[in-house]
Amino acid sequence: MTAETLPFEFFFSPEFSTDPYAIYADLRAKGPVHAIDFPPGASSYVIVDYEHGRAALNDPRLSKSLASGPDWFREMMLKNDAVLADNMLMTDPPDHTRLRKVISKAFTPRRVEELRPRVEQITAELVDAMAEKGEADLIADFAFPLPIIVICELLGIPAEDRDLFRDWSGALLVPALDEEAVAVRERASLALRDYFGALIAERRATPTDDLVGVLVASPEMNEKELLSTLVLLMIAGHETTVNLIGNGTLALLRNPDQLELLKKRPELMQSAVEEFLRYDAPVERATFRVALEDLEIGGTLIPQGSFVNVSIGAAGRDPQAFDGPERLDITRSDNRHVAFGHGIHFCLGAPLARMEGQIAFTTLLERLPGIELACDVKELSWRFSGAIVRSLSALPVRF
């Protein structure tokens, strides 16, 4: 265990947002597990290597259930994030198994592949709109609307309500560090509860074959689980792809040799997307886990009741797991990254995010071959400093 506990501000400094990987490399050199004051005043640890991080993601001794946390944490979650308190991401077996089985029916490889023509159409329309201008903010004009449109159509949410969900989901990703942030999260939580509550009532009155209709008709979920699951699907269904496109595009633009290689060899697109996921993961840190018993990870004693944070970003840059991890290599083989998690909580939406990413990058490079940064890289900023996602605020490009 490290001699000092990392301060609460560790995840929240501008230096960390700009380049967390250099900070993680320094920590990893000292050991795989470090005590951290996050949440403030709690017994918490962060894992910064691949071996122990991957194992922790599927360790049954580390609970994902809200009920396993201390009373103060459970009360805080129920106050600030009540609409996210009853989904499969916040449960252990057998509840997790039951909920995942219901939702998995919507994300089979066959069902995802059936979405391909529509994803291609949406992508082409968005690129057409950008191409006419000669410049764009790739986040606002492309990376955000593409997955938002897809997940809204999958759920059966009207087109005119899409921007509402962008605002609400963004609010729930802002760390609750002060009263203003807490108030923003509470308002978003209530708005999502009211919206989906009304939508569920509509589907009960008039059944449909969209995803909301399918889940409403399922007897395996209670009302709270249904509401929480829909909110989770909305947020997770677009946020990962937004960040995959943004972070991946930035990585290509900062590595022109890899950009030219991908243009010349489009058959590398699948491995390129996997490399983007490893190199600058859309989700920087896995959601919380709580130790159900005293256990040892990487030589550090984790007391029962402690929070355990697994850094997905740090795992992807571990030199013990990846050759030359600081190098973007779209030809990298055996890319065993954990960008979508590992084990029973592996992301159900991974096939959809991968497909969206492959289509997005293929279309961008085919239609906008001269794409380049329209600002100095030092001018870029990252949304939600300290949140679990790694997401650019904007990405100005020209072509």
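The values are calculated or read from the model by the stated rules, or taken from the named source; none is laboratory data. In this text the structure is predicted, and so the values were computed from the model without any measurement. Cβ coordinates were reconstructed from backbone atoms using ideal geometry, including for glycine residues, and neighbour counts include every protein chain displayed.
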Out of everything in the stretch 369-383 that is in contact (Cβ under 8 Å) with a residue 24 or more places away in the chain and surrounded by fewer than 19 Cβ atoms within 10 Å (Cβ to Cβ), what residue ends up being nearest to Phe11 (Cα to Cα)? Ser381
Residue satisfying condition, being hydroxyl-bearing (Ser, Thr, Tyr) and over 21 Å from Leu348 (Cβ atoms), within set Ser228, Ser169, Ser189, Ser218: Ser189
Output for Cβ contacts, cut-off 6 Å, separation at least six or different chains, first residue assigned to a helix (DSSP H, G or I) in the stretch 351-365, second of a type in the set (S, T, N, Q) and at pLDDT below 95, reads Ala353/Thr240
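Name the residue that is nearest to Lys224 (Cα to Cα), counting only residues in the stretch 78-113 that are of a type in the set (S, T, N, Q) and out of contact with any Lys or Arg (no Cβ under 6 Å at 6 or more places or on another chain).
First pass over the stretch 78-113, keeping only residues of a type in the set (S, T, N, Q): 80, 87, 91, 97, 104, 108.
Imposing the further condition that a residue be out of contact with any Lys or Arg (no Cβ under 6 Å at 6 or more places or on another chain) reduces the set to 87, 91, 97, 104, 108.
On the way: Asn87: 8, Thr91: 13, Thr97: 17, Ser104: 19, Thr108: 25 Å.
For the stretch 78-113, the residue satisfying everything is Asn87.
A quick yes/no check of all residues on (1) within 17 Å of Val308 (Cα to Cα); (2) assigned to a helix (DSSP H, G or I); (3) not polar (S, T, N, Q):
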{"site": "Glu9", "(1), (2), (3)": "yes, yes, yes"}
{"site": "Glu15", "(1), (2), (3)": "no, yes, yes"}
{"site": "Tyr24", "(1), (2), (3)": "yes, yes, yes"}
{"site": "Leu27", "(1), (2), (3)": "yes, yes, yes"}
{"site": "His34", "(1), (2), (3)": "yes, no, yes"}
{"site": "Gly41", "(1), (2), (3)": "yes, no, yes"}
{"site": "Tyr45", "(1), (2), (3)": "yes, no, yes"}
{"site": "Glu51", "(1), (2), (3)": "yes, yes, yes"}
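Any residue at all in the stretch 183-194 that is within 22 Å of Val102 (Cβ to Cβ), of a type outside the set (A, V, I, L, M) and touching a helix residue (DSSP H, G or I) at 6+ places or on another chain (Cβ under 9 Å)?
Of the residues in the stretch 183-194, the ones within 22 Å of Val102 (Cβ to Cβ) are 192-193.
Among the residues that remain, those that are also of a type outside the set (A, V, I, L, M) are: 193.
If we keep only those that are touching a helix residue (DSSP H, G or I) at 6+ places or on another chain (Cβ under 9 Å) as well, we get 193.
Within the stretch 183-194, one or more residues are within 22 Å of Val102 (Cβ to Cβ), of a type outside the set (A, V, I, L, M) and touching a helix residue (DSSP H, G or I) at 6+ places or on another chain (Cβ under 9 Å).
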Search the stretch 278-306 for residues that are closer than 16 Å to Asp92 by Cβ and pair each with any residue that is among the β-branched types (Val, Ile, Thr) when their beta-carbon atoms are under 7 Å apart and the residues are at least 6 apart or on different chains. Ala286/Val310; Ala286/Ile312; Thr287/Ile388; Arg289/Val308; Ala291/Ile302; Ala291/Val308; Leu295/Ile302; Gly305/Val290
Does any residue of the stretch 66-77 turn out to be closer than 21 Å to Arg285 by Cβ, free of Cβ contacts under 8 Å to residues at least 40 places away in the same chain, part of a helix (DSSP H, G or I) and among the charged types (D, E, K, R)? yes
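Residues that are in contact (Cβ under 8 Å) with a residue 60 or more places away in the chain and in contact with a His (Cβ under 7 Å, 6 or more places away or on another chain): list the helices (runs of 4 or more DSSP H) wholly contained in the stretch 107-216 that include at least 3 such residues.
Numbers: elements: 109-114, 116-131, 145-155, 162-173, 179-205, 211-216.
Passing ranges, in order: 145-155.
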When only residues in the stretch 217-234 that are without any contact (Cβ under 8 Å) to a residue 60 or more places away in the chain and part of a helix (DSSP H, G or I) count, which is surrounded by the most Cβ atoms within 10 Å (Cβ to Cβ)? Leu226
